[in-house]
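Working notes, beginning with the structure itself.
The values are calculated or read from the model by the stated rules, or taken from the named source; none is laboratory data. These numbers were taken from a predicted model, which means no experiment stands behind them. Counting neighbours? That spans all protein chains shown, and the Cβs are built from the backbone with ideal geometry, glycine included. Keep in mind that these areas ignore ligands, DNA and RNA; they rest on the heavy atoms of the full protein, side chains included. Shrake-Rupley method; radii C 1.70, N 1.55, O 1.52, S 1.80 Å.
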Amino acid sequence: MTATDPHSRAIADFDRNWTYRPSPFDAQLAGSRLLRRMLLRGRAPRAQTIVAADAAARWTCYFAYLPDGVAAPLHLYTLDRLAAEPGRLLVVCATDSPDAIPAAIRERADALIWKSLGGFDFSGYRLMLRHLAERSPGADVFVMNDSVFGPFASPAAVLADRAWDLTAFTASTRIENHIQSYAFQLRALTPERFAALASVFGPTFNRYTDVVLCQETRFARVAAKTMSVGACWFADSARVFNPTLDRGVALAHAGLPFVKRSLLGRHGHREDSEAVRALLEDAGHPIEVQPA
């Protein structure tokens, strides 16, 4: 990108390679989180290990939510690219029953865990991280969910020179300084490292707002007590309210290997949908509109 490129101008509001710093303590926010954890947490979803992981130096993990039991072309695009990443591939698949996991996912996964439909992505993250902490201790683990199109480039290559223990692609000050959890890398995962994150991954919530307040926006704060945390791109929410929804196209042109699926759905008004479609076409990615 050149200095006059519109994507370059749009990305100028971001800091590159940002090391996490916690926001000042907010008693009202902490109280709201405590009440939600006490009153609104749900039962952990049912789960079953279909194919157990073995020991490996690196694992790539994908959470797929398939209420209709169908792996869409976008899921297969993602899985094929993740299968080409270094290491091995673990998939946590949320369907009505273990029998509903599509054959196309079974064929691509080196390890596979079924999860019932309750809970959001953090309930899937909990399953994959706990499983790998026990079965492959010390592994570097890359995690992503199916809320994004991509990857258009190798996540391992993008993250290769990042020295943090926990690395996200994007981060924001909205609610508090936090990393966005659609994709992240956790180095040297052990049972002890997973236990240090128990207050983030332990609860199950069935409302999006509770997940954001009690899990996503707390993730970096809790992790930073025992490990280093950072992000590739960071923006103050006063300049960029939500990095992946308000500057998703510019970030993709700057090297972010994902773009949010909701930019062709409920958040389509926040970006140029034709620019999103052009990104997908250039990558040979299936173009699928997310239901409202």
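Going by Cα centres, the stretch 25-51 and the stretch 62-88 are how many Å apart?
About 27 Å separates the Cα centre of the stretch 25-51 from the one of the stretch 62-88.
Binning at 5 Å from 0, report for the stretch 166-275 what percent of all alpha-carbon pair distances ends up in each bin.
Over the stretch 166-275, the share of Cα pairs per 5 Å bin runs 2, 11, 20, 22, 19, 13, 7, 3, 1, 0 percent.
Among Ala283, Phe14, Ala250, whose Cα sits farthest toward the positive end of the charge dipole of the chain (+1 at Cβ of Lys/Arg, -1 at Cβ of Asp/Glu, about the Cα centre)?
Of Ala283, Phe14, Ala250, it is Phe14.
Hey, what do the phi angles of the stretch 97-109 turn into as Karplus ³J(HN,Hα) couplings, whole Hz, using 6.51/-1.76/1.60 and θ = phi - 60°, x for Gly and Pro?
For the stretch 97-109, the Karplus-derived couplings read 8, x, 5, 8, 5, x, 4, 4, 7, 4, 5, 8, 8 Hz, x marking Gly and Pro.
Using Cα springs under 10 Å in a Gaussian network model of the chain, which residue among Ser237, Ser136, Ser123 shows the largest mean-square fluctuation?
The residue that fluctuates most here is Ser237.
Please label the shape of the stretch 84-242 as rounded, prolate or oblate, based on the square roots a ≥ b ≥ c of the eigenvalues of the alpha-carbon gyration tensor (a/c under 1.5 means rounded; beyond that, a/b larger than b/c means prolate, else oblate).
Numbers: a/c = 1.45, a/b = 1.30, b/c = 1.11.
Cα axes put the stretch 84-242 in the rounded bin.
Under the rule of at least 5 residues apart or a separate chain, name every residue whose amide H is placed under 5 Å from the amide H of Asn206.
Long-range HN contacts for Asn206: Gly42.
Please report the antiparallel percentage of the DSSP beta bridges confined to the chain, to the nearest 5.
45 percent
Leaving out ligands, DNA and RNA, and with a 1.4 Å probe, what % of the accessible surface on the stretch 125-218 is carbon or sulfur? It would help to have the intermediate numbers written out before the result.
Numbers: 1430 of 2770 Å².
Looking at the stretch 125-218 in its full context, I get 51 percent from C and S.
Let me have the 222 nm mean residue ellipticity of the chain computed from DSSP H runs of 4+ only, each contributing -39500 (n - 2.57), with the sum over all residues rounded to the nearest 500.
Theoretical 222 nm ellipticity from helices: -8500 deg cm²/dmol.
Return one whole number: the accessible area per residue of the stretch 14-244 in Å², for a 1.4 Å probe.
About 39 Å² of surface per residue is accessible.
Starting at the first residue of the stretch 62-67, write each ³J(HN,Hα) from the Karplus equation 6.51 cos²θ - 1.76 cosθ + 1.60 with θ = phi - 60°, in whole Hz, x for Gly and Pro.
Values, residue by residue: 10, 9, 10, 9, 10, x Hz.
Could you tell me which helices of the chain pass both thresholds, a Cα extent of 27 Å or more along their own axis and a mean Kyte-Doolittle hydropathy of at least 0.0, with helices taken as whole DSSP H runs?
none
So what J values fall out for the stretch 150-155 if you push phi through Karplus, 6.51 cos²θ - 1.76 cosθ + 1.60 with θ = phi - 60°, rounded to Hz, Gly and Pro as x?
Running phi through 6.51 cos²θ - 1.76 cosθ + 1.60 with θ = phi - 60° gives x, x, 8, 9, 5, x Hz.
Name the most mobile residue of Gln185, Gln215, Gln28, meaning the one with the largest mean-square fluctuation, in a Gaussian network model of the chain with Cα contacts below 10 Å.
For the chain, modelled as a Gaussian network with Cα springs under 10 Å, the answer is Gln28.
Among the trypsin sites (Lys or Arg not before Pro) in the stretch 174-215, which ones are in a DSSP loop with at most 11 other Cβ atoms within 10 Å of the Cβ? Mind listing them?
Details: sites: Arg174, Arg187, Arg193, Arg207; in loops: Arg174, Arg207.
Within the stretch 174-215, no trypsin sites (Lys or Arg not before Pro) qualify (loop, at most 11 other Cβ atoms within 10 Å).
Averaged across orientations, what area in nm² does the convex hull of the alpha carbons in the chain project?
Its Cα hull, projected and averaged over all orientations, spans 14.4 nm².
Treat every Asp and Glu Cβ in the chain as -1 and every Lys and Arg Cβ as +1, leave all other atoms uncharged, and give the resulting dipole magnitude about the Cα centre to the nearest 20 debye.
Using Cβ point charges on Lys, Arg, Asp and Glu, the chain gives about 1020 debye.
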